[in-house]
1. Taking only pairs six or more apart or across chains, which ones have beta-carbon atoms under 8 Å, a first residue in segment 1-30 that is farther than 15 Å from A98 by Cβ and among the small types (G, A, S), and a second residue that is modelled with pLDDT under 90 and buried (at least 17 other Cβ atoms within 10 Å of the Cβ)?
2. Conditions first: (1) of a type in the set (D, E); (2) surrounded by 19 or more Cβ atoms within 10 Å (Cβ to Cβ); (3) more than 18 Å from the chain's Cα centre (by Cα). D57 passes all but one, so which condition is the exception?
3. Taking the residues in segment 207-222 that are among the aliphatic types (A, V, I, L, M) and closer than 23 Å to L129 by Cα as candidates, determine which candidate is surrounded by the fewest Cβ atoms within 10 Å (Cβ to Cβ).
4. Identify, from the list A160, A119, the residue that is at pLDDT 95 or above and closer than 22 Å to I35 by Cβ.
5. May I ask you to list the residues in segment 73-128 that are under 22 Å from G47 (Cα atoms) and of a type in the set (K, R)?
6. Output the number of residues of segment 187-228 satisfying the condition of being within 17 Å of the chain's Cα centre (by Cα), farther than 15 Å from V148 by Cα and of a type in the set (F, W, Y).
7. For segment 12-30, name all the residues that are more than 15 Å from the chain's Cα centre (by Cα) and modelled with pLDDT under 95.
8. Restricting to segment 31-46, count the residues that are buried (at least 17 other Cβ atoms within 10 Å of the Cβ) and over 17 Å from the mean Cα position of the chain (by Cα).
Amino acid sequence: MTAWDPAHYEQFERERAQPGHDLMARIDLTAPHRIVDLGCGTGRLTGLLADRYPTADVLGIDRSSEMLSEAAGRVRYRQADIVEWEPDGPLDLIYANASLQWIPDHPRLFPRLHQMLAAGGVLAVQMPLSWDQPSHRIMRRVGEEFGVDPQAPPTLEPTAYYQLLGEAEIWVTTYYHRLSGPNPVFRWVSATGMKRFLGQIPYDGHDEFRARCARLIEEAYPAGPDGATVFPFRRLFIIDRA
């Protein structure tokens, strides 16, 4: 996996954060004591959790030192891999916005996270469902020409999470992001989803891979008469209660 670039990632901070706000709005806890934000990134949403629950102990977890460098001063955080991290006690809220799609073996991961919850605790998750959208089909097709094994993210079909969690709330929302600037969809995916591919390509092939993807993605997502580009993006939401 290539390193994360906080400035690149936050080019579309408002659009990326909106699903996180929507997920947060569905959490029906009044006074949780212990909260963990898994995959906290730069800590912006972690800070909002701390503001919403001012008496709670809020901790952000992320394995990217680059992203956590931006979180410093905003929130209390720990650098750790979600796969290996264990809490030191039951949690009232596990919040995971756009992070668990990077973690393998969801049939094992989700029951494990559920078991970390205190009685009445909540697991709140949002994950992109972008693998079959045009931008990612393009990256897969170009990636195959570079010898990339285009393995799908570990995200399961939405109904599969009922089998893992039981009485969860599960829904899918499509956001229609209106983006500005040159080739904005390419700039969006090059900060996130493209990392799955670049991690399998030798460094001296990165520029060619990016250039070919940029041309094809711009053709797939043309700007409208007003200069804006509409980017449909499906996201999966899960609210699980202990």
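1. A3/S64
2. Status for D57: all satisfied but (2).
3. Taking the candidates together, the pick is A220.
4. A119
5. Within segment 73-128, R74, R76, R78 qualify.
6. Qualifying residue count, segment 187-228: 1.
7. Hit for segment 12-30 is T30, nothing else.
8. Of the residues in that region, 3 qualify.
The values are calculated or read from the model by the stated rules, or taken from the named source; none is laboratory data. All values reported here derive from a predicted model rather than from experimental measurement. Note: ideal-geometry Cβ built from the backbone for every residue, glycine included; neighbour counts use all protein chains shown.
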